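Read-outs: derived from the displayed coordinates by stated rules, not from any lab. It should be emphasised that the depicted structure is a prediction, and the values quoted were computed from it without experimental measurement. Positions of Cβ are backbone-derived with ideal geometry, glycine not excepted, and every protein chain shown enters the neighbour counts.
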Amino acid sequence: MLNLAANRAALTLALLGKIGMKFFRQVGDFVKIVVISLLIIIPIRYFVAQPFFVRGSSMDPTFKNGEYLIIDELSYRFHDVARGDVIVFRFPLNPSQFYIKRVVGLSGETVKVQGGQVQIYAESGEEIPLDESSYLSSTHTAGDIEIVLDEGEHFVLGDNRNASSDSRRWGALKENFIVGKVFLRAWPVDRFMVY
């Protein structure tokens, strides 16, 4: 009888040992997956792309309040900002806030807003045509400003010109405030789009 009890105890210990080893192996596999995931996700999140929620109506109807966007942070390391790009940037007067606007004027250009029109001039003084018909229903732009953009500066406007705090109010946007350009709209699903 004593021998049977010893055998049962030995079997129980062996079974618990196998279960314990299996459990620790599974925990170890889980930890590896988490570590590898973090090693992939963190650099992507901080150096390649990041999420952004649209707040407000300054880019309406292109981007509406509450839409979820993915911002491409990598492209501008390889090429310059282009006219028409929709960018997310830190607000120059309060860098803890993020804004979304469209680039209208580029470094070295002169931007003039007058009489409801936006006019852009190259350094040579030649007027550069500005066609905003693909994203604006009305091309009327309120304001009265003329600004010469230095190297590394851009003139940005919201697509909803009547409800936008932009370069007409606070001046040129320095390039170092730019986080990235809109890569895709992920939410709502029925408005999903890659840019």
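When the Cα convex hull of segment 54-194 is projected onto planes of every orientation, the mean area is 8.3 nm². Can you tell me what percent of all Cα-Cα pairs in segment 126-184 are more than 13 Å apart? I get 71 percent for the Cα pairs in segment 126-184 exceeding 13 Å.
Out of segment 86-115, which trypsin sites (Lys or Arg not before Pro) are coil in DSSP terms and have no more than 10 other C-beta atoms within 10 Å?
Of the trypsin sites (Lys or Arg not before Pro), not one in the loops of segment 86-115 has a Cβ with at most 10 other Cβ atoms within 10 Å.
Of the chymotrypsin sites (Phe, Trp or Tyr not before Pro) found in segment 72-156, those in coil by DSSP whose Cβ has at most 15 other Cβ atoms within 10 Å are F78, Y135. One way to sum up the overall shape of segment 100-141 is the equivalent ellipsoid from its Cα gyration tensor, whose semi-axes run 19, 12, 9 Å, largest first.
Taken over segment 150-190, the convex hull of the Cα atoms encloses 98 Å³ per residue. Between G180 and V88, the built amide H atoms are under 5 Å apart, and every one of these is 5 or more places off in sequence or on another chain.
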